[in-house]
Amino acid sequence: MTNIAIVTGGSRGIGRAAAIKLGAAGYTVVVNYTANAAAADEVVKSITSAGGKATAVKGDVSKEADILALFAAADKLGTLKVLVNNAGVMDQQNRLDEMTTERIRRILDINTFGAILCAREAVKRMSTRHGGKGGGIVNIGSAATRLGAPGEYVPYAASKAAINTMTIGLAKEVALEGIRVNTVEPGLIATDIHYEGRLDALGPTVPMGRVAPPEEVAGPVLFLLSDAASYITGSIVTVTGGR
């Protein structure tokens, strides 16, 4: 049986690091991306050159049709066992009263609506209620849920807080159906989602005194999807260096 792992936003940052680790762990990885095919292909090459299996699938998680196509592509490869709900955007730094409706909607459509629909599709395939064999979902949250991101990304923080609530509720909903659902909540991670200078400015405020590479988030993701975490569900795991 071929075990499939879908990683949304898998062409960069935390998604890229998680995809590579999942490939090394023996999963056939579906690397979802929105626009940068070259970056997604590079992730696939990194996995396959190390002896793993992977494929890139284009799709915008703010669009239901693209989500359905993404999961249909995965169905052709094997049995879905893992979903890493990683795709997310911050967009331009602004106060809330300076943001357009279109920008706020884009953040919520990708970060919240898209993640919930992806979780729905994963449950349809993993749940023993639907004839599935179980699996794991890890949602990528943000420390912004506790900090609020004032003056920068209040809607982003709100979008990720919704993901935490979804994690807790869905974990209870499917706990007897072979599915575990958790969130990994990163702090300041060296990815291109941040505006220029943000990491340099905020890095010294981290109690551990540094910004982390994406691999330090991907490690906890892989742990939560492993048998070693078999009694962990509905948890919010913070990876913030103490911030």
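Here is how the numbers come out for the structure above:
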| read-out | value |
| --- | --- |
| Conditions (1) out of contact with any Phe, Trp or Tyr (no Cβ under 6 Å at 6 or more places or on another chain); (2) more than 30 Å from M99 (Cβ to Cβ): number failed by V184 | (2) |
| Condition check for Y231: at pLDDT 95 or above, under 30 Å from K81 (Cα atoms) and surrounded by fewer than 19 Cβ atoms within 10 Å (Cβ to Cβ) | yes |
| Selection from segment 136-166 of residues that are polar (S, T, N, Q) and over 23 Å from R12 (Cα atoms) | T165 |
| Residue count for segment 131-166, restricted to those that are surrounded by fewer than 18 Cβ atoms within 10 Å (Cβ to Cβ), aliphatic (A, V, I, L, M) and over 18 Å from the mean Cα position of the chain (by Cα) | 1 |
| Yes/no for L199 being within 18 Å of V217 (Cα to Cα), out of contact with any Phe, Trp or Tyr (no Cβ under 7 Å at 6 or more places or on another chain) and surrounded by fewer than 17 Cβ atoms within 10 Å (Cβ to Cβ) | yes |
| Hits in segment 149-164 (condition: modelled with pLDDT of 95 or more and out of contact with any Gly (no Cβ under 7 Å at 6 or more places or on another chain)) | P155, Y156, A158, S159, A161, A162 |
| Residue within segment 186-196 that is in contact with a helix residue (DSSP H, G or I) (Cβ under 6 Å, 6 or more places away or on another chain), over 20 Å from V82 (Cα atoms) and assigned to a loop (DSSP other than H, G, I, E, B) present | yes |
| Residue list for segment 82-127, restricted to those being of a type in the set (S, T, N, Q) and assigned to a helix (DSSP H, G or I) | T101, N111, T112 |
| Among the candidates V44, V61, V29, V89, residue that is in contact with a strand residue (DSSP E or B) (Cβ under 6 Å, 6 or more places away or on another chain), closer than 26 Å to L170 by Cα and of a type outside the set (F, W, Y) | V29 |
| In segment 100-114, the residues that are within 18 Å of T167 (Cβ to Cβ) and touching a Pro at 6+ places or on another chain (Cβ under 8 Å) | L108 |
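The values are calculated or read from the model by the stated rules, or taken from the named source; none is laboratory data. As the structure is a prediction and not an experimental result, all values here were calculated from the model. Note that we place each Cβ from the backbone using ideal geometry, even for glycine, and neighbour counts take in every protein chain shown.
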